[in-house]
Amino acid sequence: MNPTIKVSPKSTYDVSIENQPDGTYKATVLSLPDCHTSGNTEQEAIEKISQILKNRLATSKIVTLEIDNTQAENPWLKLAGKYKDDPQFEEMLKGIEEYRQELDAEMEKFYQQLETQGDAEISSDHLSGCDNVESMTTLPVNPTPASRHKTVNSQSREIQK
């Protein structure tokens, strides 16, 4: 297997610019985390990181490799239809669906409790055992929890065919 090598004459790089506590700016090339610098201004940090990239690329090059895939078939396809003749498959799907409905009912009760609490503060006894209380956010209300599983069940039935 021989890879095809393409050399690109021009490349773009995503650079993260971060404000530092000391008032400086840190520039990091996201695809090359070891390639970073800092400057007194954002523009200075960008100019420095640009020069660092140019210097680095002067002694190296970036190539794109195209490798022929020797694997002709998706290995997961071997499992498709595995349960098509299983007489207990429909019963198993029914059990899964019933269990999901039970979970959805429990979650619906939980979401209703959240809605009834409104903007009330969470008491400290609800937070016992939480290490990072500051990062906690309000959970979104799920309008139709059961609708999530209808697609999954129909897909499961399609796979067995």
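The values are calculated or read from the model by the stated rules, or taken from the named source; none is laboratory data. Given the structure is predicted, the values throughout are model-derived calculations rather than measurements. Using ideal geometry, Cβ is built from the backbone for each residue, glycine included, and neighbour counts are taken over all protein chains shown. To get the accessible areas, we keep the full protein, side chains included, count just its heavy atoms, and leave off ligands, DNA and RNA. Shrake-Rupley method; radii C 1.70, N 1.55, O 1.52, S 1.80 Å.
Classify segment 35-83 as rounded, prolate or oblate from the Cα gyration tensor: take a ≥ b ≥ c as the square roots of its eigenvalues, call it rounded if a/c is under 1.5, otherwise prolate when a/b beats b/c and oblate if not.
Values: a/c = 8.20, a/b = 2.70, b/c = 3.03.
Note, shape of segment 35-83 comes out oblate.
If I take the Cα coordinates of segment 1-116 and project them onto the principal axes, what are the three extents in Å, biggest first?
In descending order, the Cα extents are 67, 58, 18 Å.
Where only protein heavy atoms count, and the probe is 1.4 Å, what is the accessible area per residue for segment 31-84 in Å²? Can you show the working numbers first?
Working: 4450 Å² over 54 residues.
Per-residue accessible area for segment 31-84 comes out at 82 Å².
Could you pull out the GluC sites (Glu not before Pro) across segment 1-110 that fall in loop regions by DSSP (anything but H, G, I, E, B) with no more than 16 other Cβ atoms inside 10 Å?
Working: sites: 18, 42, 44, 47, 66, 73, 90, 91, 97, 98, 102, 106, 108; in loops: 73.
Listed in order of number, the matching sites are 73.
Label residue 62 and residue 88 with points 7 Å out from Cα along Cα→Cβ: what is the distance between them in nm?
5.4 nm
So which trypsin sites (Lys or Arg not before Pro) in segment 28-111 pass both tests, a DSSP loop state and at most 11 other Cβ atoms within 10 Å of the Cβ? Present the calculation step by step, with values, prior to reporting the outcome.
On the way: sites: 48, 54, 56, 61, 78, 82, 84, 94, 100, 109; in loops: 61, 82, 84.
The qualifying sites are 61, 82, 84.
Within straight cross-link reach of residue 10, meaning Cα distance under 27 Å, which lysines are found once same-chain residues fewer than 8 apart are removed?
In chain and number order, the partners are 26, 48, 54, 61.
FRET efficiency for residue 52 and residue 19, Cβ-Cβ distance as r, R0 = 25 Å, nearest 0.05? Working shown, then result.
Working: r = 20 Å, r/R0 = 0.78.
For R0 = 25 Å, the calculated efficiency reads 0.80.
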